[in-house]
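What follows is a set of notes on a single structure, which appears directly below.
The values are calculated or read from the model by the stated rules, or taken from the named source; none is laboratory data. Small disclaimer: the values here were computed from a predicted structure and weren't measured. Cβ placement follows ideal geometry from the backbone for every residue including glycine, while neighbour counts extend to all protein chains displayed. Quick note on the areas: whole protein, heavy atoms, side chains included, nothing else; ligands and nucleic acids left out. Shrake-Rupley method; radii C 1.70, N 1.55, O 1.52, S 1.80 Å.
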Amino acid sequence: MMSFPERYKSDLIRTIDAIDLERVGEAIALLARARDEGRRIFTCGNGGSASTASHFATDMVKGASFGYPKRFRVMALTDSLPTLTAYSNDVSYECVFVEQLKNFAEPGDVLIAVSGSGNSPNVLRAVEYANSIGCHTIGLCGRDGGKLGQLASLKLHVAHPHMGRIEDAHMIMLHMIGYYFMDQEQPAAQQ
């Protein structure tokens, strides 16, 4: 009988093997174009997905930008606690991301929305708004994709029922994207 860690690892490897690498490549190309055109990239999510969104933004702002001639302009909509709590308290939690986008997003920018269920109302409102003003949207979703899978212009889907495996695979896909820029492109100082 396999131990729990063995079962988890085995299941996670199967989940990783099912990642659609062609779509990850499309996301890489989209972010490269956004960087080259000076576009903004926004990230959002709730709970573990908020941590993933914030982690990715940090990887891109520091790891994929420091020392490079072209820098990423990435903002995690999850990171301003005063803004999040002000909107949550005074308006509604459903608007915490979309209202920030209304301040900063412009046509051609990119929104990366992360939701394990694919049904988080505040994430969906942000994607709807981003789509409506001409932003590119990337949705990282799990299970059956939820509404996010239908709304996002590029879906990075983890078709697994377990939230842990979904979150693991989301982070791996975002690391594939971020580390493409860190490992495949050399900073100006190393050229």
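Might you check whether a residue that is surrounded by fewer than 23 Cβ atoms within 10 Å (Cβ to Cβ), among the small types (Gly, Ala, Ser) and out of contact with any Phe, Trp or Tyr (no Cβ under 6 Å at 6 or more places or on another chain) occurs anywhere in region 135-144? Checked region 135-144: no residue is surrounded by fewer than 23 Cβ atoms within 10 Å (Cβ to Cβ), among the small types (Gly, Ala, Ser) and out of contact with any Phe, Trp or Tyr (no Cβ under 6 Å at 6 or more places or on another chain). So is VAL123 in contact with an Asp or Glu (Cβ under 8 Å, 6 or more places away or on another chain) and of a type in the set (Val, Ile, Thr) or not? No: the conditions fail for VAL123. Among the residues making up region 44-85, those that are crowded, with 18+ Cβ neighbours inside 10 Å, out of contact with any Cys (no Cβ under 8 Å at 6 or more places or on another chain) and of a type in the set (Val, Ile, Thr) are THR52, VAL74. Note on region 117-132: residues that are open to solvent by less than 40 Å² (accessible area, probe 1.4 Å) and closer than 14 Å to PHE42 by Cβ total 5. Quick check on region 165-176. Is at least one of its residues farther than 23 Å from ALA32 by Cα, among the basic types (Lys, Arg) and open to solvent by 70 Å² or more (accessible area, probe 1.4 Å)? No, because not a single residue in region 165-176 is farther than 23 Å from ALA32 by Cα, among the basic types (Lys, Arg) and open to solvent by 70 Å² or more (accessible area, probe 1.4 Å).
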